[in-house]
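> My structure is below; once you've seen it, I'll send some questions.
Derivation of every value follows stated rules applied to the coordinates shown; laboratory data play no part. In this text the structure is predicted, and so the values were computed from the model without any measurement. When we count neighbours, we look across all protein chains shown, and the Cβ atoms used for this are built from the backbone with ideal geometry, even at glycine.
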């Protein structure tokens with residue numbers, strides 16, 4: 001059984017110069033940036049990309065389950081049959097109603113039983 005996830009891609013304009021070049025160490029706001037009452041820049045909503053066909057496996061905390069008798073789910077390992085799905089390390093992912101941070105670049109994965117190849121991504125709960 002597979003599930004849908006939503007990739008939350010941050011606004012690509014922040015941190016770029018007008019020509020698209022990065023400015024290291026500083027955030028450059030676009031000319032039409034909005035500000036709140038205190039003068040702070042208001043972040044635009046991230047781009048939402050729905051992606052289907054993911055297998056979702058729980059990622060548990062590294063605590064002693066014998067001491068507590070329980071394991072806390074702190075994230076997920078996501079598997080998909082397609083190679084090189086466009087998930088980036090700075091993306092957030094909406095899985096089962098909660099937001100998770102991508103912990104590393106997506107990687108190739110091969111099912112040891114069937115030999116099928118795909119993509120694996122590890123995400124951890126935000127906050």
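> Place the peptides 105-116, 84-95 in order of packing, highest mean first, counting for every residue the other Cβ atoms within 10 Å and averaging per peptide. Numbers along the way, then the final one.
On the way: 105-116: 10.4, 84-95: 15.6.
The peptides rank, most packed first, as 84-95, 105-116.
> Another question, if that's okay. At 10 °C and 1.306 mPa s, what whole-number value in µm²/s does Stokes-Einstein give for the translational diffusion of the stretch 82-126, with Rh from the Kirkwood sum over Cα pairs?
Once the numbers are plugged in, D ends up at 141 µm²/s.
> Please give the FRET efficiency for residue 9 paired with residue 36, using the beta carbon to beta carbon distance and R0 = 22 Å, rounded to the nearest 0.05. Each step should come with its number before you reach the end.
Working: r = 23 Å, r/R0 = 1.03.
The formula returns an efficiency of 0.45 here.
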